[in-house]
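Values in this text are rule-based calculations from the coordinates and carry no lab data. In this text, all values refer to a predicted model and were calculated from it rather than measured experimentally. With ideal geometry, Cβ positions are generated from the backbone for all residues, glycine too; neighbour counts draw on all protein chains shown.
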Amino acid sequence: MVIDHGVIAAMETVPVSQFKARCLAILAKVQKTGHPILVTRFGKPLAEVIPPPSPARPDRWLGSLEGSVQIIGDIVSSATTEDDWEALRK
């Protein structure tokens, strides 16, 4: 039985003979749905196929793009000259 945020659902079970015949399809289903599947032999649990844990997020995401940008030229000064500004003309 799987308990997911208060919702109780029966875990899907597959006999070992069927698991052997359809292993790749069952693994794809677990990956797609995220729900585990119980493999049984003679009605008794043999193994549980569960999806892998989600990848861990980095502790510090700020600065994670460091080194991925290249600055070419002066980024502080104006892109145009003072002569191009009408407000500075007398």
(message) Looking at segment 40-90 only, could you name the residues that are farther than 30 Å from residue 17 by Cβ and outside any loop (DSSP other than H, G, I, E, B)?
(response) 82, 83, 84, 86, 87, 88
(request) State whether the residues of segment 65-76 include one that is surrounded by 10 or more Cβ atoms within 10 Å (Cβ to Cβ) and on the phi < 0 side of the Ramachandran plot. (result) no
(message) Can you say whether residue 89 is free of Cβ contacts under 8 Å to residues at least 60 places away in the same chain and surrounded by 10 or more Cβ atoms within 10 Å (Cβ to Cβ), as far as the supplied structure shows?
(response) no
(message) Taking the criterion of being in a helix (DSSP H, G or I), of a type in the set (Gly, Ala, Ser) and more than 20 Å from the chain's Cα centre (by Cα), would at least one residue in segment 19-39 satisfy it?
(response) yes
